[in-house]
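What follows is one structure encoded as structure tokens, with my remarks underneath.
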């Protein structure tokens, strides 16, 4: 497991625990949500791309990292949940943005290593990035961010495209990965700060 994989796993596990910190879940339930958040997107990707056993069964370090990240997040979640709402929301959003950025690039990279083409790599990056967050939001009884109109899946698409295109242009490593991750994180954070959103469907009068 690389440093980026470790960072993405731990960060998404933390975001999962933070997302349910105001619910009535016990500590075990919160850890389960954190672990599922961290491993869910990559699991969906591996199943869709026929790469089995899925990644965390081949390397149990992912499961351990997700569990430890979720456990470590419990006191942080308790403190933030009892503090200012704005501070809590910012912590959750930044953790989610960081995890999204790392997982989009890692997911696309996995598809390329499996000899899939550029288009499939973009799809793999998106699935890996948003899959765990969708599961997290459903378990937290919230509307998934990719359905809320926020700049979320859009950021994942842009970052995956940047990573894959730079790779196709033979730009030397690690620039494609860094550029892709920065695009995802930058767009996501800018969307939060500037309250950007996609146009919504409106019912006819």
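Tabulated data
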quantity: Residue identified as surrounded by fewer than 19 Cβ atoms within 10 Å (Cβ to Cβ) and either under 21 Å from residue 17 (Cα atoms) or out of contact with any helix residue (DSSP H, G or I) (no Cβ under 9 Å at 6 or more places or on another chain) (or both) among 138, 102, 182, 198; calculated: 138
quantity: Complete set of residues in segment 59-68 that are surrounded by fewer than 17 Cβ atoms within 10 Å (Cβ to Cβ) and touching a residue at least 12 places away in the same chain (Cβ under 8 Å); calculated: 59, 61, 63, 68
quantity: Yes/no for residue 96 being loosely packed, with under 14 Cβ neighbours inside 10 Å, at pLDDT below 95 and under 17 Å from the mean Cα position of the chain (by Cα); calculated: no
quantity: Given (1) surrounded by 23 or more Cβ atoms within 10 Å (Cβ to Cβ); (2) modelled with pLDDT of 95 or more, index of the condition residue 165 fails; calculated: (1)
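Yes or no, residue by residue, for (1) closer than 20 Å to residue 126 by Cβ; (2) touching a residue at least 24 places away in the same chain (Cβ under 8 Å); (3) part of a helix (DSSP H, G or I):
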residue	(1), (2), (3)
12	yes, yes, yes
15	yes, yes, yes
21	no, yes, no
24	no, no, no
30	no, yes, yes
37	yes, yes, yes
40	yes, yes, yes
50	yes, no, no
57	no, no, yes
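The values are calculated or read from the model by the stated rules, or taken from the named source; none is laboratory data. These figures come from a predicted structure and were not determined experimentally. Quick reminder, even Gly has a Cβ in these numbers, built from the backbone with ideal geometry, and neighbours come from all protein chains shown.
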